[in-house]
Amino acid sequence: MKSLRAVAMILLAAAPFAAFAQDDLHPSIESKYLLHVGVFFPERTVNLGAGASAPDGGVDFGTKFGLNRTDQLFEVDLTWRFGDKWALAAQHFRLSGGRESVLEEDVEWNGVVFRSGSTVEASTRFSVYRVFIGRSFGNGERSDYGVGVGLHWLEVGGAISGNILINNDVAFTREAVTAEAPLPNIGGWYSYSFSPRWAFNARGDWFSASIDEYDGSLVNLQIGVNYAWFRNGGIGVAYNYLKFDAGVDSATWNGNVDLVYEGPFAFVSFYW
């Protein structure tokens, strides 16, 4: 919430500055290229099931190992409008982290039991590459909306290293899982220009099917506002929500994944 208040103050403070030629529409509605570069502040929930832990829904890496549930990460969104009605969009961010902690209870994961009281190191990583192509059907004076199809390339991984008990002997081990795959999706967007300086933008992607190693669903949403500080640039704030649930059956991972990344995205915009 502190980050949201800070971004709101920046947006309000920008209003008196940098006047530009007043057109009827916000530049993001009519520009051929639109680029957002900024920082995503997600709160994350990471549940990874592997081996015997999978039927129980997996292990919550934040709760069990004290992994930081809020991080800041770099994000890039790009839109290219081509032809009269078509648009190509892309999004990318990645997040990884790890922490050493002392277990308060036994943790079973990927077929082994990490003992209570032992010191373990847990880590996760997740990255998203999104490409989307759609057709605009907007015919309003101030709005633009459309639908299309896209592709998410997801990379998911987790690892736990520490002491386990084997035949009454303590041994050190590291268990790791990783998977990646392209997931097709359908989606749409809506933009509205309140004035030459202010615009509202929303988009959403959805997938639910069995594709290769994955059997599950994905939701990727973004909703926000953009302030045109000058004719070819501005600032904005949005709320991102990404949820991915799936069973995984691959050579390196037999289990399940349940991820939620949600939070504010503060960015600088460029239009041309």
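May I ask you to give the solvent-accessible area per residue for the chain, in square angstrom, as obtained with a 1.4 angstrom probe?
Values: 13220 Å² over 272 residues.
Here the per-residue accessible area is 49 Å².
Treating only the Cβ of Lys, Arg, Asp and Glu as charged (+1, +1, -1, -1), what charge dipole size does the chain show about its Cα centre? Round to the nearest 20 debye. Kindly include the intermediate steps, with their values, before the conclusion.
Numbers: 20 positive and 30 negative charges, 250 e Å.
Dipole magnitude for the chain comes out near 1200 debye.
Pull out a ≥ b ≥ c, the square roots of the eigenvalues of the alpha-carbon gyration tensor of the range 41-163, then state rounded if a/c is under 1.5, prolate if not and a/b is larger than b/c, and oblate in the remaining case.
Working: a/c = 3.77, a/b = 2.94, b/c = 1.28.
In terms of gyration-tensor shape, prolate.
Say we join alpha carbon atoms closer than 10 Å with springs in a Gaussian network model of the chain; which of N220, N232, N240 then has the biggest fluctuation?
N232
For n ≥ 4 DSSP H runs only, could you compute -39500 (n - 2.57) per run for the chain, divide by its residues and tell me the 222 nm figure to the nearest 500?
It lands at -2000 deg cm²/dmol.
Once both axes come from the Cα atoms, what is the angle between helix 2-14 and the longest principal axis of the chain, in degrees from 0 to 90, rounded to 10?
On a 0 to 90 degree scale, this one is about 20.
Filter the chymotrypsin sites (Phe, Trp or Tyr not before Pro) in the range 101-187 to those in DSSP coil with at most 16 other Cβ atoms within 10 Å of their Cβ, and list the result. The partial results should precede the final answer.
On the way: sites: W109, F114, F126, Y129, F132, F137, Y145, W153, F172; in loops: F137.
Taking the range 101-187 and a limit of 16 other Cβ atoms within 10 Å, the loop chymotrypsin sites (Phe, Trp or Tyr not before Pro) found are F137.
How charged is the neighbourhood of V39? Take every other residue with its Cβ under 12 Å from the Cβ of V39, and add Lys/Arg as +1 and Asp/Glu as -1.
Details: positive: none; negative: D71, E75.
Within the 12 Å Cβ shell, the charges total -2.
Which one, L34, T252, W272, projects farthest toward the positive side of the charge dipole computed for the chain from Cβ point charges (K/R +1, D/E -1)?
Of the listed residues, the answer is W272.
Among E43, E121, E141, determine the one that fluctuates most according to a GNM of the chain built with springs between C-alpha atoms less than 10 Å apart.
In this elastic network of the chain, the residue with the biggest mean-square fluctuation among E43, E121, E141 is E141.
Rg and Dmax in Å for the chain, alpha carbons only: what are they?
Expressed in Å, the Cα Rg and Dmax of the chain come to 21.9, 77.
Show me, for the range 33-39, the HN-Hα J-couplings you get by feeding each phi into the Karplus relation (A = 6.51, B = -1.76, C = 1.60, θ = phi - 60°), rounded to Hz, glycine and proline as x.
10, 9, 10, 10, 10, x, 10
Only four residue types carry charge here, +1 at the Cβ of Lys and Arg and -1 at the Cβ of Asp and Glu. Report the dipole size of the range 57-215 about the Cα centre in Debye, rounded to the nearest 20.
Values: 14 positive and 21 negative charges, 175 e Å.
With Lys and Arg at +1 and Asp and Glu at -1, about 840 debye.
State the percentage of accessible surface on the range 181-245 attributable to carbon and sulfur atoms; use a 1.4 Å probe and exclude ligands, DNA and RNA. Before the final figure, lay out each step's value.
Values: 1810 of 2680 Å².
Heavy-atom surface of the range 181-245 belonging to carbon and sulfur, 1.4 Å probe: 67 percent.
The values are calculated or read from the model by the stated rules, or taken from the named source; none is laboratory data. Note that this is a predicted model, so its numbers are computed, not measured. Glycine also receives a Cβ, built like all others from the backbone with ideal geometry; neighbour counts cover every protein chain displayed. Remember, those area values only see protein heavy atoms, side chains included, never the ligands or the DNA or RNA. Shrake-Rupley method; radii C 1.70, N 1.55, O 1.52, S 1.80 Å.
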